[in-house]
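See structure below.
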Amino acid sequence: MKRERQRDLILSVSIANLCFPEVWRRLLFTSRAVVPAYSSADYLAAILNVLLVGTMFFLILDLGRRSASALVQIASRYAPLVVLLIPLNYFREHYLDDYGSSPSVAWGQAQILLGAVSAVILAYWIRRWHRKILAITEVICLGSFPLVVLTFSQAGWRAVSSSFPSSLADRRAPLPSSARKPTTRVLWLLFDEMDQRLTFSERPTSLRLPEIDRLHNEALSASEAYPPAATTVVSMPALMTGKPVTASRLAGRNQMVVTFAGGTQEVDWSSQDNVFSEARQAGFRTALVGWYLPYCRVIPAAFTSCFWQPSDAPASGQSLTAAMWRQICYSLPWEAKRDHIFAYFSILEHAQIVANDPELDLVLVHWPIPHAPAIYDRRAGRFRFVSHNRDWYLDNLALVDRTVGQLRRAMEASGLWDQTTILLTSDHSWRWSANLDGKTDPRVPLILKLARHKEPLYYARPFETLLLHDLLLALLRGELTDPNSVARWLDQRAHPASKGD
């Protein structure tokens, strides 16, 4: 009897550990270079959650052994088999489905059919070979006990050695001694994965973007702008340095290395001049509100003010019980969307601050939309956690439009909208657009509203957005004062971009 209870205890803790795959992924297997450091409470909460759930399973198994009820005995014996569905479903969601893509109708129907067939086959197997299946399940759970040792030891070590980071809120760095007033202030709005084709060229009739259209009709609008890369991690260093980048990676908590075109050697991004560091050296005040990449860590000297919002769960910095509850919520299917909505509102809050600060001269806001996951319902005009329409990307585009309008109204109220040059663009187009309508297009939107100008100008010559580095500096220096001067500037530097890039 004592051996059986020891076996049940090991089995229960192993099962409980398998119930928290997302927790362990975030705490132990997500690069600490792209998320804030978790606190000791986060790691201790994970251990306590596993022990708490393990205790619950142990009591269920013990009850089954002691009960005279056949129903209770069967329920306790099948508990491990049912619980294994949690890690299996997690594997399906993260490795068989790509949340960034729009599932085709055929694939969605195939998944439903496959699920139904699998359920029938599983029910048949359980009915016919339930003893063998239960035995195999128990062996799998018992065999996973080394994972408990691994996760607990790593979590325990990090709980002892980790310290919660300082606030990610905006911080001010000393101004250069040559600080001066620019001819115009520039606000660079970069919407991650915003697609030129679906926003303008081939916009579906069901999608209305009144705020973007309004901005488009009072600015220079380029229809043939090509980004430097198809991923954020490569495109952003290229846009900010003005040099083509072939590879980029996070090499540590405070370091990002890049490989420039024509070279093979990795160089530290912070050692390279970028549009913000050059603007600061010229005496201008710079600010960034960023998403995904840890800008404030890897190139902190480039900014007078910097705020970074990670793409993963925000650092908790909360009590042990609050951290435990937060981790339990990770198993909910809508938790990734809740994190993304949190990131959106965090960026929006800080964007409104810097956009309405007249002391800042060059500001970049890197938004987490219309990038996946789906978080908005354009028909209802509200955020959503559960539903997932096939055309979710269009919903997120509508949220971009709503955001532009909200930011515009705030800046109009402060009197800074007309006094500010607004640049709206993206780091890359929507990579999964073929799943929506069978088409792909690398172009990104580019709208440039110059301060004190409202006349529209449509620019159709192809060019690479690597030019933005020089363009932003020229705008700050007052070298370009109207849409026609910008068009002439682009004509002198633009060259046909390859659509295969």
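The values are calculated or read from the model by the stated rules, or taken from the named source; none is laboratory data. Predicted model, so just to flag it, every value in this text is computed and none were measured. With ideal geometry, Cβ positions are generated from the backbone for all residues, glycine too; neighbour counts draw on all protein chains shown.
For T440, the criteria (1) farther than 25 Å from D357 by Cβ; (2) in contact (Cβ under 8 Å) with a residue 12 or more places away in the chain; (3) among the hydroxyl-bearing types (S, T, Y) hold in every case but one, which is (2).
Taken over region 430-454, the criterion of being within 27 Å of L480 (Cα to Cα) and either part of a loop (DSSP other than H, G, I, E, B) or of a type outside the set (A, V, I, L, M) (or both) is satisfied by R443, P445, K449, L450, A451, R452, H453, K454. Output the residue which, of all residues in region 220-268 that are charged (D, E, K, R) and touching a Phe, Trp or Tyr at 6+ places or on another chain (Cβ under 8 Å), is farthest from L424 (Cα to Cα). Here the answer is K243.
With respect to the stated conditions, V386 is out of contact with any Lys or Arg (no Cβ under 6 Å at 6 or more places or on another chain), among the aliphatic types (A, V, I, L, M) and surrounded by fewer than 16 Cβ atoms within 10 Å (Cβ to Cβ).
Being under 15 Å from L187 (Cα atoms) and crowded, with 21+ Cβ neighbours inside 10 Å is a property that L424 has. Within region 357-388, the set of residues being closer than 25 Å to R285 by Cα and either of a type in the set (D, E) or outside the structural domain of E193 (by TED's automatic domain parsing) (or both) comprises D357, E359, D361. For region 230-247, taking the residues that are in contact with a strand residue (DSSP E or B) (Cβ under 7 Å, 6 or more places away or on another chain) and among the small types (G, A, S), the one that is modelled with the lowest pLDDT is identified as A247.
Okay, residues lined up against (1) among the aliphatic types (A, V, I, L, M); (2) in contact with a Pro (Cβ under 8 Å, 6 or more places away or on another chain); (3) over 27 Å from P442 (Cα atoms):
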position: L239; (1), (2), (3): yes, yes, no
position: G242; (1), (2), (3): no, no, no
position: L250; (1), (2), (3): yes, yes, no
position: A261; (1), (2), (3): yes, yes, no
position: I299; (1), (2), (3): yes, no, yes
position: F303; (1), (2), (3): no, no, yes
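If the condition is being touching a helix residue (DSSP H, G or I) at 6+ places or on another chain (Cβ under 7 Å) and within 17 Å of A494 (Cα to Cα), then region 204-222 contributes only L220.
In region 428-441, the count of residues that are touching a Lys or Arg at 6+ places or on another chain (Cβ under 8 Å), of a type in the set (K, R) and crowded, with 21+ Cβ neighbours inside 10 Å is zero. W392: crowded, with 17+ Cβ neighbours inside 10 Å and at pLDDT below 95, yes or no? For W392, the condition - crowded, with 17+ Cβ neighbours inside 10 Å and at pLDDT below 95 - is met.
Taken over region 213-237, the criterion of being over 19 Å from the mean Cα position of the chain (by Cα) and assigned to a helix (DSSP H, G or I) is satisfied by D213, R214, L215, H216. Just so you know, in region 308-356 the residues that are basic (K, R) and at pLDDT 85 or above include one that is surrounded by the fewest Cβ atoms within 10 Å (Cβ to Cβ), and it is R338. The residues of region 219-242 that are of a type in the set (V, I, T) and under 23 Å from L450 (Cα atoms) amount to a single one, T241. When restricted to residues that are farther than 19 Å from D195 by Cα and among the β-branched types (V, I, T), region 349-408 contains 4. Contact map, region 373-393: first residue free of Cβ contacts under 8 Å to residues at least 40 places away in the same chain and closer than 17 Å to A343 by Cβ, second residue acidic (D, E) and in a helix (DSSP H, G or I), Cβ cut-off under 9 Å, separation 6 or more or different chains; pairs are A374/D395; I375/D395; Y376/D395. In the set L416, L480, L467, L490, only one residue is surrounded by fewer than 21 Cβ atoms within 10 Å (Cβ to Cβ), assigned to a loop (DSSP other than H, G, I, E, B), hydrophobic (A, V, I, L, M, F, W, C) and over 23 Å from the mean Cα position of the chain (by Cα); that residue is L416.
What residue, among those in region 145-177 that are among the hydroxyl-bearing types (S, T, Y) and modelled with pLDDT of 50 or more, is nearest to S346 (Cα to Cα)? Residue satisfying both the conditions and the ranking: S163.
Exactly one residue among V233, V257, V298 is β-branched (V, I, T) and without any contact (Cβ under 8 Å) to a residue 24 or more places away in the chain, and that residue is V257. Only a single criterion out of (1) at positive phi; (2) modelled with pLDDT under 95 is not satisfied by G263, namely (1).
Taking every residue in region 21-42 that is under 24 Å from I86 (Cβ atoms) and part of a loop (DSSP other than H, G, I, E, B) and pairing it with any residue that is modelled with pLDDT of 80 or more and of a type in the set (D, E), at least 6 positions away or on another chain, yields no pair with a Cβ-Cβ distance below 7 Å.
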